[in-house]
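The values are calculated or read from the model by the stated rules, or taken from the named source; none is laboratory data. Just so you know, these numbers come straight off a predicted model, no measurement behind them. Here the Cβ positions follow ideal geometry from the backbone for every residue, glycine too, while neighbour counts run over all protein chains shown.
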Number of protein chains: 2
Amino acid sequence: MRVPIPLAKAWRPFNHGPVTLISAAHDGVENVMAAAWVTPLDFDPPKLSVVIAADTHTRSLVEASRELVVQVPTVSMLDLIEGVGSTSGRDTDKWSTFGIARLREPGVAAPLVDGCVAWMAARVLDEPDLAARYDLFVVEGTAAWVDDRVFTDGRLRDAIPDALRTVHHVAGGVYVVDGAIVRTRV
Amino acid sequence: MRVPIPLAKAWRPFNHGPVTLISAAHDGVENVMAAAWVTPLDFDPPKLSVVIAADTHTRSLVEASRELVVQVPTVSMLDLIEGVGSTSGRDTDKWSTFGIARLREPGVAAPLVDGCVAWMAARVLDEPDLAARYDLFVVEGTAAWVDDRVFTDGRLRDAIPDALRTVHHVAGGVYVVDGAIVRTRV
């Protein structure tokens, strides 16, 4: 079940480096893309660094609206991840093409992608030089949710149903699925 | 076996978001720390974004020398990762305390940590505002190597010996180990 989590824990679902989906909306247009280069940058308030290539439709929506949702999909969604990562919203309605259900949250312009297991709504901080030089955006969380079957207290559970495991992008359509959880402290 | 890889492929071992070790040297002093917030930022020449907290000894070495080595350790090295991540080089000789063997490369000031499966030697680009605001450093690769039992053509092999799998930091001493490799394209 999708449940809200405190902002102070919103960095946690991104800490292990899973591939993400970025959704954005502006002026009635909504799009979603895949993004592997997403990393926590601070704890509280939570910040993420997010690389969004200059030629993407999502980038134009993010730059216009100054907000986005970053979310963590599962191994069950690999075709969707590849699909939204290899087409452009300029000429493809990704929502219908890939059968993506959108969830709505009050006060959040961008839709949340159904089936994901963690979501952070965020606003874009003012760092135009970073976008110009590195396609890098610094975003600060405004609200966050997790699927409580996967994350507890904001972080990965020890035992996760296989279908809900998160994935990491290796390169060119190859992904590695999360395996065992290991604890170094007792 | 550790083999050099072309710089154009040096981003790949970091693309799936594994935890890393950062080593640095200055004026005869060498240190190593753990860093989870490391992400590719560009392909060729390869760049990484690297978060190094302001109060770390490694940061002072990186800021003085303007170079570092970022490397990817394995699940066999979890005690070492936790050890170098929870002590300071200011009062602990991490090399002897954790029994870390150092490899040397001509032209690279920082030592490479033995037992890792990917290494990128890099220079720090001039972004003082990013360091001050976000503890963020942009580094550009100058040389790279991989263990060819784990990475082929710079990217994760389909089958990796269990002891050499890479790991991702969840939080507080908890890690998730790489599981199965999945291909979305045939």
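Among the residues making up region A:162-183, a single one is modelled with pLDDT under 95 and under 15 Å from B:Val176 (Cα atoms): A:Arg183.
Where residues in region A:26-40 are in contact (Cβ under 8 Å) with a residue 12 or more places away in the chain and out of contact with any strand residue (DSSP E or B) (no Cβ under 8 Å at 6 or more places or on another chain), which of them is surrounded by the most Cβ atoms within 10 Å (Cβ to Cβ)? Can you show your working first?
Looking only at region A:26-40, we keep the residues that are in contact (Cβ under 8 Å) with a residue 12 or more places away in the chain, and these are A:26-27, A:29-40.
If we keep only those that are out of contact with any strand residue (DSSP E or B) (no Cβ under 8 Å at 6 or more places or on another chain) too, we end up with A:26-27, A:29.
On the way: A:His26: 17, A:Asp27: 7, A:Val29: 13.
Among them, the one singled out is A:His26.
Select from region B:25-44 the residues that are over 13 Å from B:Gly89 (Cα atoms) and within 17 Å of the chain's Cα centre (by Cα) and list them in ascending order. Listed by number, the residues that qualify are B:Ala35, B:Ala36, B:Trp37, B:Val38, B:Thr39, B:Pro40, B:Leu41, B:Asp42, B:Phe43. The single residue among A:Phe14, A:Phe43 that is within 18 Å of A:Gly154 (Cβ to Cβ), aromatic (Phe, Trp, Tyr) and surrounded by fewer than 18 Cβ atoms within 10 Å (Cβ to Cβ) turns out to be A:Phe43.
Among the criteria (1) more than 28 Å from B:Ser86 (Cα to Cα); (2) part of a loop (DSSP other than H, G, I, E, B); (3) without any contact (Cβ under 8 Å) to a residue 60 or more places away in the chain, the one A:Ser96 does not fulfil is (2). Within region B:57-116, the set of residues being touching a Cys at 6+ places or on another chain (Cβ under 8 Å) and either surrounded by fewer than 21 Cβ atoms within 10 Å (Cβ to Cβ) or not hydrophobic (A, V, I, L, M, F, W, C) (or both) comprises B:Gln71, B:Pro73, B:Thr74.
Report whether or not B:Gly89 is farther than 21 Å from A:Tyr134 by Cβ, out of contact with any His (no Cβ under 7 Å at 6 or more places or on another chain) and assigned to a loop (DSSP other than H, G, I, E, B). Before the answer, list the steps.
Working: farther than 21 Å from A:Tyr134 by Cβ: yes; out of contact with any His (no Cβ under 7 Å at 6 or more places or on another chain): no; assigned to a loop (DSSP other than H, G, I, E, B): yes.
Spelling it out, it is not the case that B:Gly89 is farther than 21 Å from A:Tyr134 by Cβ, out of contact with any His (no Cβ under 7 Å at 6 or more places or on another chain) and assigned to a loop (DSSP other than H, G, I, E, B).
Do the conditions hold for B:Ala144, that is, is it over 16 Å from B:Ala25 (Cβ atoms) and touching a helix residue (DSSP H, G or I) at 6+ places or on another chain (Cβ under 7 Å)? Break it down into steps so the answer makes sense when it comes.
Numbers: over 16 Å from B:Ala25 (Cβ atoms): yes; touching a helix residue (DSSP H, G or I) at 6+ places or on another chain (Cβ under 7 Å): yes.
The answer is yes for B:Ala144.
Within region B:159-175, the set of residues being surrounded by fewer than 23 Cβ atoms within 10 Å (Cβ to Cβ) and either basic (Lys, Arg) or facing chain A (nearest Cβ under 7 Å) (or both) comprises B:Arg165, B:Ala171, B:Gly173, B:Val174.
Among the residues of region B:46-56, what is the count of those that are within 20 Å of B:Phe14 (Cα to Cα) and loosely packed, with under 13 Cβ neighbours inside 10 Å? Break it down stepwise before answering.
First, pick out the residues of region B:46-56 that are within 20 Å of B:Phe14 (Cα to Cα): B:46-53.
Of the ones still in play, those that are also loosely packed, with under 13 Cβ neighbours inside 10 Å are B:53.
Going through region B:46-56 one residue at a time, the tally reaches 1.
With respect to A:Asp79, is the statement that it is assigned to a helix (DSSP H, G or I), within 13 Å of chain B (Cβ to nearest Cβ), of a type in the set (Asp, Glu) and out of contact with any strand residue (DSSP E or B) (no Cβ under 8 Å at 6 or more places or on another chain) true?
Values: assigned to a helix (DSSP H, G or I): yes; within 13 Å of chain B (Cβ to nearest Cβ): yes; of a type in the set (Asp, Glu): yes; out of contact with any strand residue (DSSP E or B) (no Cβ under 8 Å at 6 or more places or on another chain): yes.
Yes.
Filter region B:27-43 down to the residues that are away from chain A (no Cβ under 14 Å) and either in a strand (DSSP E or B) or in contact with a helix residue (DSSP H, G or I) (Cβ under 8 Å, 6 or more places away or on another chain) (or both), then identify the one that is farthest from A:Asp42 (Cα to Cα). Before you say what the answer is, go through the steps one by one.
Of the residues in region B:27-43, the ones away from chain A (no Cβ under 14 Å) are B:27-33.
If we keep only those that are either in a strand (DSSP E or B) or in contact with a helix residue (DSSP H, G or I) (Cβ under 8 Å, 6 or more places away or on another chain) (or both) too, we end up with B:27, B:29-33.
Numbers: B:Asp27: 31, B:Val29: 29, B:Glu30: 27, B:Asn31: 24, B:Val32: 21, B:Met33: 18 Å.
Ranking the qualifying residues of region B:27-43, first place goes to B:Asp27.
Identify, from the list A:Ala143, A:Ala122, the residue that is more than 14 Å from every other protein chain (Cβ to nearest Cβ), touching a residue at least 40 places away in the same chain (Cβ under 8 Å) and under 21 Å from B:Thr39 (Cβ atoms).
Numbers: A:Ala143 fails: under 21 Å from B:Thr39 (Cβ atoms).
A:Ala122 is the lone residue from the list that is more than 14 Å from every other protein chain (Cβ to nearest Cβ), touching a residue at least 40 places away in the same chain (Cβ under 8 Å) and under 21 Å from B:Thr39 (Cβ atoms).
What are the residues in region A:16-26 that are under 22 Å from A:Leu130 (Cβ atoms) and assigned to a strand (DSSP E or B), if any?
Residues of region A:16-26 under 22 Å from A:Leu130 (Cβ atoms): A:17, A:19-24, A:26.
Scanning region A:16-26 gives A:Thr20, A:Leu21, A:Ile22, A:Ser23, A:Ala24, A:His26.
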